[in-house]
1. Among (1) part of a loop (DSSP other than H, G, I, E, B); (2) touching a helix residue (DSSP H, G or I) at 6+ places or on another chain (Cβ under 6 Å), which single condition is residue 204 missing?
2. So, residue 61, is that one out of contact with any helix residue (DSSP H, G or I) (no Cβ under 9 Å at 6 or more places or on another chain) and more than 30 Å from residue 157 (Cα to Cα) or not?
3. What pairs come out if I take residues in region 53-75 that are closer than 30 Å to residue 202 by Cα and without any contact (Cβ under 8 Å) to a residue 12 or more places away in the chain and pair them with residues that are aromatic (Phe, Trp, Tyr) and open to solvent by less than 60 Å² (accessible area, probe 1.4 Å) whose C-beta lies under 6 Å away, six or more apart or interchain?
4. Of everything in region 207-233 that's assigned to a helix (DSSP H, G or I) and of a type in the set (Ser, Thr, Tyr), which residue is most open to solvent (accessible area, probe 1.4 Å)?
5. Restricting to helices (runs of 4 or more DSSP H) lying wholly in region 1-108: which have 1 or more residues that are at negative phi, among the polar types (S, T, N, Q) and at pLDDT 95 or above?
6. Looking only at residues in region 175-192 that are without any contact (Cβ under 8 Å) to a residue 12 or more places away in the chain and not in a helix (DSSP H, G or I), which one is most open to solvent (accessible area, probe 1.4 Å)?
Amino acid sequence: MNKVAVLQSNYIPWKGYFDIINDVDTFIFYDDVQYTKNDWRNRNKVKSATGAQWLTIPVNNSNDSLICEVLLPNSNWNVKHFKTISALYSKAPYFKRYKDFLEHVYLEQNWRSLSELNQYLIQCISKNILGVSTTFKDSREFKSEGQKLDRLLDLLHKSETDLYVSGPAAKDYIDNARFEEEGIKLVYKDYNHYPEYNQFHPPFDHYVTIFDLLFHTGPDASYYIWGWRENEI
């Protein structure tokens with residue numbers, strides 16, 4: 001059975017994004033769809049002493065562009081993000097463990113597009129840090145046709161999907177009956193009951209970038225994403 005998830009690439013996503021990646025055999029970046037402003041594509045949250053703080057990448061040509069067409073400016077946004085992350089987390093137990101990776105991403109690379117940056121970060125964190133064995137694909141490889149749900153279903157057929165794992169927010173617009181008609185099993189991801197860890201600046205916030213979890217828990221990070229379920233009765 002080929003289990004598949006399809007999501008737009010996000011900027012250093014929260015732990016739930018990596019949880020759904022770990023659930024499937026194939027994860028497809030859905031970046032040839034409309035870019036949405038004020039969304040997770042180009043920003044995410046970090047913890048600060050005054051509460052959650054946005055890390056936002058300024059983007060060019062975002063109006064009426066597909067996500068994969070959005071270009072990054074030649075500015076020092078990357079240096080600013082590196083300095084902000086370092087200032088907020090340098091005293092975290094495992095910050096030094098990932099500092100070389102941060103320097104590579106933010107100080108040594110010249111990212112041309114938002115999609116390129118997001119996909120690189122997600123794949124590196126998944127494979128090299130969390131040890132995920134999921135295969136990554138890009139929706140552009142499949143040349144799916146149609147609009148909205150029709151296009152998604154075409155993509156799933158072309159990727160030979162048996163079981164589709166969807167985020168829970170999709171319940172508002174997905175027609176479950178269509179999946180049954182197409183012979184694809186549909187499962188909604190449950191993001192509830194993640195265990196807390198020792199996080200800076202209470203109260204605890206689950207909805208921050210994966211960096212927060214990595215810096216605080218290091219090699220135990222996967223336990224706080226999916227490993228804890230093994231202990232459930």
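1. For residue 204, the failing item is (2).
2. no
3. Once the first residue is closer than 30 Å to residue 202 by Cα and without any contact (Cβ under 8 Å) to a residue 12 or more places away in the chain and sits in region 53-75, no partner that is aromatic (Phe, Trp, Tyr) and open to solvent by less than 60 Å² (accessible area, probe 1.4 Å) comes close enough.
4. 223
5. Because the criterion is at least 1 residues that are at negative phi, among the polar types (S, T, N, Q) and at pLDDT 95 or above, the helices (runs of 4 or more DSSP H) in region 1-108 that meet it are 15-23, 77-89.
6. Of region 175-192, the ones without any contact (Cβ under 8 Å) to a residue 12 or more places away in the chain are 176-177, 180-181, 183, 192.
Retained after the next criterion (residues that are not in a helix (DSSP H, G or I)): 183, 192.
Numbers: 183: 61, 192: 90 Å².
Going through the qualifying residues, I end up with 192.
The values are calculated or read from the model by the stated rules, or taken from the named source; none is laboratory data. Everything quoted here is computed from the prediction, not taken from an experiment. No Cβ is skipped: glycine too gets one built from the backbone with ideal geometry, and neighbour counts run over all protein chains shown. Each accessible area value is taken on the protein alone, full model and side chains, heavy atoms only, with ligands, DNA and RNA left out. Shrake-Rupley method; radii C 1.70, N 1.55, O 1.52, S 1.80 Å.
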